[in-house]
Amino acid sequence: MRLRAIVAALIPVLAVVGWSAAARATSFLEIDIVRHEATGTVLHEVWFGANKDGATTCELATPSGAYVCLDVGGGFRPEQDFFDNHRDLSFAALEAAIASVWTITWDAGPTQSMATIDFGIVLAADFLALPILTSPIDGMPIEIPGDPNPPTIEWMYEGIGDPCIAQPDYVAVNVTDHAQWWLATAEQESDELPCDVTSWTPDVPLGEGTWFTRVVNNLSFRPVPEGIDVTEGSWTLENGDWLQLLSADMSQNVVVPTVSSSWSAVKARY
């Protein structure tokens, strides 16, 4: 499934996760545009991953510059400077970032393959409603014992009585011990949930420490090969869609043990 890293703390936030099911194909292109709210402002991030069977190098050119892509196992991802330049974007800045075609080059040289990526028109109204995490509340500790553990994760959609009116491909939730999902050592992830589901409980209790919870609405927006033009060599994509619009929210919570205040403990101090 596809659930990317979300908010500024997450990029290359961008999120829930390894390559998506589609991206596990041998040759694929996956671009996610993530919308989230930060301090009352709606911001956007762009996440990029791709692979070509047998390729050893990858270069990506966007309106903001040229980037080297690194083989991270099962696919290529741009270096950090790409994500630094494609995060915390207003919608106007996002429009500028995707207004011109992007170019990807595999194995640059005499036998290279090249393709252009045309995003087409993406409107603010195309994004699904932003989910709002209502539990656990961002910043609030989870005390053990005392609070339920694992906690039940709950969310709502502000201003929408029925989230299924604009139905996403799916809603997904994950909990990780690192803000950047690819660096997490512990992770629990939901199945792909129907649009009318607004809660999910992890299977395993959370250990002490900091945890990051994400809920994401996923909308497949551009199918393969729409917008993709192989201009040199060959690149046969095996995934069904390459552009997803994600609407997301995240909370950060610390699981802490409660302090015992038994009478015997009080007496021991005197």
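Structure above, values below:
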| item | result |
| --- | --- |
| Residue tally, condition more than 17 Å from residue 49 (Cβ to Cβ) and not hydroxyl-bearing (Ser, Thr, Tyr), over segment 226-247 | 5 |
| Residue among 123, 128, 133 that alone is out of contact with any Asp or Glu (no Cβ under 8 Å at 6 or more places or on another chain) and surrounded by 11 or more Cβ atoms within 10 Å (Cβ to Cβ) | 128 |
| Members of segment 190-232 that are assigned to a loop (DSSP other than H, G, I, E, B), farther than 27 Å from residue 126 by Cα and under 20 Å from the mean Cα position of the chain (by Cα) | 201, 202 |
| Residue 110 at pLDDT 95 or above, outside any strand (DSSP E or B) and of a type outside the set (Asp, Glu) | yes |
| Test: residue in segment 140-162 that is closer than 30 Å to residue 64 by Cβ and not in a loop (DSSP other than H, G, I, E, B) | no |
| Exclusive hit being surrounded by fewer than 19 Cβ atoms within 10 Å (Cβ to Cβ), over 20 Å from the mean Cα position of the chain (by Cα) and modelled with pLDDT of 90 or more, set 154, 158, 143 | 143 |
| Candidate set: segment 172-196, residues that are out of contact with any Ser or Thr (no Cβ under 8 Å at 6 or more places or on another chain) and β-branched (Val, Ile, Thr); chosen: the one modelled with the highest pLDDT | 176 |
| Residue count for segment 108-120, restricted to those that are surrounded by 16 or more Cβ atoms within 10 Å (Cβ to Cβ) and touching a Lys or Arg at 6+ places or on another chain (Cβ under 8 Å) | 2 |
| Residue selected from segment 73-97 under the condition part of a loop (DSSP other than H, G, I, E, B) and surrounded by 13 or more Cβ atoms within 10 Å (Cβ to Cβ), by the criterion modelled with the lowest pLDDT | 74 |
| Test set (1) modelled with pLDDT of 95 or more; (2) under 21 Å from residue 119 (Cα atoms) - residue 56 fails condition number | (2) |
| When residues of segment 215-270 are limited to those that are at pLDDT below 90 and basic (Lys, Arg), the one nearest to residue 39 (Cα to Cα) | 269 |
| Test: residue in segment 170-184 that is surrounded by fewer than 20 Cβ atoms within 10 Å (Cβ to Cβ) and more than 28 Å from residue 73 (Cα to Cα) | no |
| Matching option when the condition is within 14 Å of residue 130 (Cα to Cα), out of contact with any Pro (no Cβ under 6 Å at 6 or more places or on another chain) and polar (S, T, N, Q), among 198, 176, 210, 231 | 198 |
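The values are calculated or read from the model by the stated rules, or taken from the named source; none is laboratory data. If you're wondering where the values come from, they're calculated on a predicted model, not measured in any experiment. Backbone-built Cβ (ideal geometry, glycine too); neighbour counts: all protein chains shown.
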